[in-house]
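What follows is a short report on a single structure.
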Amino acid sequence: MSIIKTNNLERFYTEGGLTVKALNGVTLNIEEGEFTAIVGPSGSGKTTLLNVIGGLDSPTNGTVEIAGTEITNMKDNMLIDFRLKNIGFVFQAYNLIPVLSALENTEFIMLLQKEPKAKREERAKQLLKEVGLESQINKKPNEMSGGQQQRVAVARALASKPKFVLADEPTANLDSKSTADLLDIMHELNQKEKTTFIFSTHDQRVIDRATRVITLEDGKIISDETKK
Amino acid sequence: MILKISWRNIWRNKLRSLVVMTAIFLGVWSGVFIDALSLGMNNQRTENFLSTSIGHIQIHNPKYLEDNKISFTISNSNELLDFGKNIDGFHISNRTKIGGMVSSANGASAGNVVGIIPENEKEVSSIYESMVYGNYFEEYKKNGIVIGRKLAEKLKVKVNSKIILTFQDPNNEIIASAFRIQGIYKTANSRFDEMNVFVQQQDLARIMNTEILIHESGIWLDNKENVDQVTENLKSNFSNLEVRSWKIIAPDLSYTDEIMMQMLYIIMLIILAALAFGIINTMLMAILERRRELGMLMAVGMNKTKLFSMVVIETIFLSLISGPLGLFVAYLSVEYFKVNGMDFSSVAAGLEDVGYSTIVYFDMDPEFYFGTLVMVVTTAILSSIYPAYKALQLNPVESIRGI
């Protein structure tokens, strides 16, 4: 079942009087349970594509459909609510809330979803256990390593039970060991819980673990390879 | 959790938060302190004027107010005494009041010669409590006189010195008579001290060879709030006389009294308005520093209402920690100076020229503390609106620089 459908996506910017075509006719389908890497050189449109799929940016032309709902023309508040219920985000710089502990950061999305406290706490602890941080739940982000923070970010992204997780260069700031650990965790979640992951990455280790690799260049898909 | 995040956010940059909280604390404290000082000074000034020179109500022959002629007397002054007996807390002193010259070997000065019955005058005036030398007619001495210190200094006289009073009698004859200084008083109003001398009524009557002449009835009420009612009552019962409350006699005092609270609130408002810019600046800096985090919050699904609330709550916390603390310390300061007073002796001359006491006892209406608290909260809310609006204007993509 297609969870993401884009149709002839275009995203143009004007920079210094010149029109930059960040996305230039991207059409793709992503199925539920995929572990997809979007790769390409800098400026190829990877991040723009994730922003548009995630409803953070609007396409100049074309449409985005998430689980059968077109989000392209949604109003701001509806889009925020849609993101909350359907999309998990993992950011390159972790972007945890510095004043909250690992547990509170993970609970935060569920709090926005108005889940009761007991349920929030139970799920957050379960997710932190799954990412191997059960002993770190009361630590604040500045008391954790980059790898640990990114694992909290993954737990936070999954807390809302999203239809898919968008991750922009999630391993860019991590060392080899942390990268391997994080990939193991995400791969396991993908395999066991059928969580759909879509990464933008330069990292060969991520590309190697992906089941599908979409390559962008100058805003166009130049290859789309599914591994067996 | 929004409350928790807002609270913890305040302490992310402790120094900056403490600086703005200290500013709010000092602003609120100093505002209340200055207001209490102003109110205390004003109340004391009003009380000084009322208790020494004006009283609560004065009654005259209407013609006397147009022309201070000695012959324009209150003919039915005894009826006023009888009238007062029926009213609780009503005190009256009938006075002889003549314009004249006071002179000594060293100089002369124009002034009012006020003939009194000391026992009655003590009921309506506090001058007997303001004696600095001698006494206030403790025993009858023929031609004894009590004068103000300012006048004594001007005439270079002291207790037991002899001075000459010169004035016109009812027949327009100039009379000069020697008086011996029995006491010297000093009120908070040096102009009053320079202008008014007190003698016993019977001495004036004897010197002028007339019956006791009454030109002014001074009335003091135990409850100042009854002034308007008693004034109206007197007017209706003594239509031949001019009955005036202190509010009419000294409209400047009355007006100052009426607008005082408004002025105090305006002073506080100005201080809080200045503080508001400090709060806005601090919150804008906080928003700018945290734009990546705010962008993330919007990206993951925090709606605009919650984001707005978070910034507002943070600002209110910032103000509500220090504002009430400032109020509390201000309350303690005011209570201390309410009892002990603040000494302004170093500028006594200037203050006394305009009727202020040199020891100022602070005063404050309890409602003002509540009013100030409301103003602090309102300032916090208003100050938070612009930074919160700026937070809403952030573009998540630009703030996080891509997901």
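The values are calculated or read from the model by the stated rules, or taken from the named source; none is laboratory data. Values in this document were obtained by computation on a predicted structure and should not be read as measured data. All Cβ positions, even for glycine, are placed from backbone atoms using ideal geometry, and neighbour counts span all protein chains on display. Surface areas here come from the heavy atoms of the whole protein model, side chains and all, with no ligands, DNA or RNA. Shrake-Rupley method; radii C 1.70, N 1.55, O 1.52, S 1.80 Å.
This table checks each residue for (1) open to solvent by 30 Å² or more (accessible area, probe 1.4 Å); (2) touching a helix residue (DSSP H, G or I) at 6+ places or on another chain (Cβ under 6 Å).
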site	(1), (2)
B:VAL19	yes, no
B:TRP29	yes, yes
B:ASN43	yes, no
B:SER51	no, no
B:GLY55	no, yes
B:LYS63	yes, no
B:SER77	no, no
B:ASN86	yes, no
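Those helices (runs of 4 or more DSSP H) of the stretch A:77-168 in which at least 2 residues are more than 28 Å from A:ILE207 (Cβ to Cβ) and more than 10 Å from every other protein chain (Cβ to nearest Cβ), considering only elements entirely within it, cover A:102-112, A:117-130. Summed over the stretch A:34-51, the residues that are facing chain B (nearest Cβ under 10 Å) and more than 12 Å from B:ALA299 (Cβ to Cβ) give a count of 3.
Against the definition (free of Cβ contacts under 8 Å to residues at least 60 places away in the same chain and either in contact with a Cys (Cβ under 8 Å, 6 or more places away or on another chain) or assigned by TED's automatic domain parsing to the domain that holds B:TYR185 (or both)), how does B:ASP88 come out, yes or no? Walk me through it before giving the result.
Values: free of Cβ contacts under 8 Å to residues at least 60 places away in the same chain: no; either in contact with a Cys (Cβ under 8 Å, 6 or more places away or on another chain) or assigned by TED's automatic domain parsing to the domain that holds B:TYR185 (or both): yes.
For B:ASP88, the condition - free of Cβ contacts under 8 Å to residues at least 60 places away in the same chain and either in contact with a Cys (Cβ under 8 Å, 6 or more places away or on another chain) or assigned by TED's automatic domain parsing to the domain that holds B:TYR185 (or both) - is not met.
Conditions (1) open to solvent by 10 Å² or more (accessible area, probe 1.4 Å); (2) under 20 Å from B:ILE57 (Cα atoms), marked per residue:
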site	(1), (2)
B:GLN200	yes, no
B:GLU211	yes, no
B:ILE214	yes, yes
B:ASN226	yes, yes
B:LEU241	yes, yes
B:LYS247	yes, yes
B:LEU253	no, yes
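Residues in the stretch B:85-109 that are among the small types (Gly, Ala, Ser) and out of contact with any Gly (no Cβ under 6 Å at 6 or more places or on another chain): B:GLY89, B:GLY99, B:GLY100, B:SER103, B:SER104, B:ALA105, B:GLY107, B:ALA108, B:SER109. Elements of the type strands (runs of 3 or more DSSP E) sitting completely within the stretch B:70-186 and holding at least 3 residues that are polar (S, T, N, Q) and in contact with a strand residue (DSSP E or B) (Cβ under 9 Å, 6 or more places away or on another chain): these cover B:90-104. Restricting the first member to the stretch B:152-168 and to residues that are without any contact (Cβ under 8 Å) to a residue 24 or more places away in the chain, and the second to residues that are surrounded by fewer than 15 Cβ atoms within 10 Å (Cβ to Cβ) and not in a strand (DSSP E or B), no beta-carbon pair is closer than 6 Å while six or more apart or on different chains.
Take the stretch A:34-92 and flag every residue that is buried (at least 21 other Cβ atoms within 10 Å of the Cβ) and of a type in the set (Phe, Trp, Tyr). A:PHE35, A:PHE89, A:PHE91 - these are the residues of the stretch A:34-92 that are buried (at least 21 other Cβ atoms within 10 Å of the Cβ) and of a type in the set (Phe, Trp, Tyr).
The rows are residues; the columns are (1) in contact with a Cys (Cβ under 7 Å, 6 or more places away or on another chain); (2) closer than 26 Å to B:MET364 by Cβ; (3) within 14 Å of another protein chain (Cβ to nearest Cβ); (4) not acidic (Asp, Glu).
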{"residue": "B:MET1", "(1), (2), (3), (4)": "no, no, yes, yes"}
{"residue": "B:LEU18", "(1), (2), (3), (4)": "no, no, no, yes"}
{"residue": "B:ASN43", "(1), (2), (3), (4)": "no, yes, no, yes"}
{"residue": "B:ASN78", "(1), (2), (3), (4)": "no, no, no, yes"}
{"residue": "B:GLY84", "(1), (2), (3), (4)": "no, no, no, yes"}
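Evaluate the stretch B:309-320: report whether one residue or more is surrounded by fewer than 18 Cβ atoms within 10 Å (Cβ to Cβ) and more than 14 Å from every other protein chain (Cβ to nearest Cβ). The answer is yes, given that some residue of the stretch B:309-320 is surrounded by fewer than 18 Cβ atoms within 10 Å (Cβ to Cβ) and more than 14 Å from every other protein chain (Cβ to nearest Cβ).
Could you say whether any residue in the stretch B:230-239 is within 30 Å of B:TYR361 (Cα to Cα) and within 36 Å of the chain's Cα centre (by Cα)?
Our first condition is that a residue be within 30 Å of B:TYR361 (Cα to Cα); within the stretch B:230-239, this holds for B:230-231.
Of the ones still in play, those that are also within 36 Å of the chain's Cα centre (by Cα) are B:230-231.
Yes, the stretch B:230-239 has at least one match.
Among the residues examined, A:GLY62 does not qualify as part of a loop (DSSP other than H, G, I, E, B), in contact with a Leu (Cβ under 7 Å, 6 or more places away or on another chain) and at pLDDT 90 or above.
Among the residues making up the stretch B:53-69, those that are part of a helix (DSSP H, G or I) and more than 20 Å from B:VAL230 (Cβ to Cβ) are B:LYS63, B:TYR64, B:GLU66.
Take the conditions over 25 Å from A:LEU100 (Cβ atoms) and modelled with pLDDT of 90 or more and apply them to A:SER200. Does it pass? Yes, satisfied.
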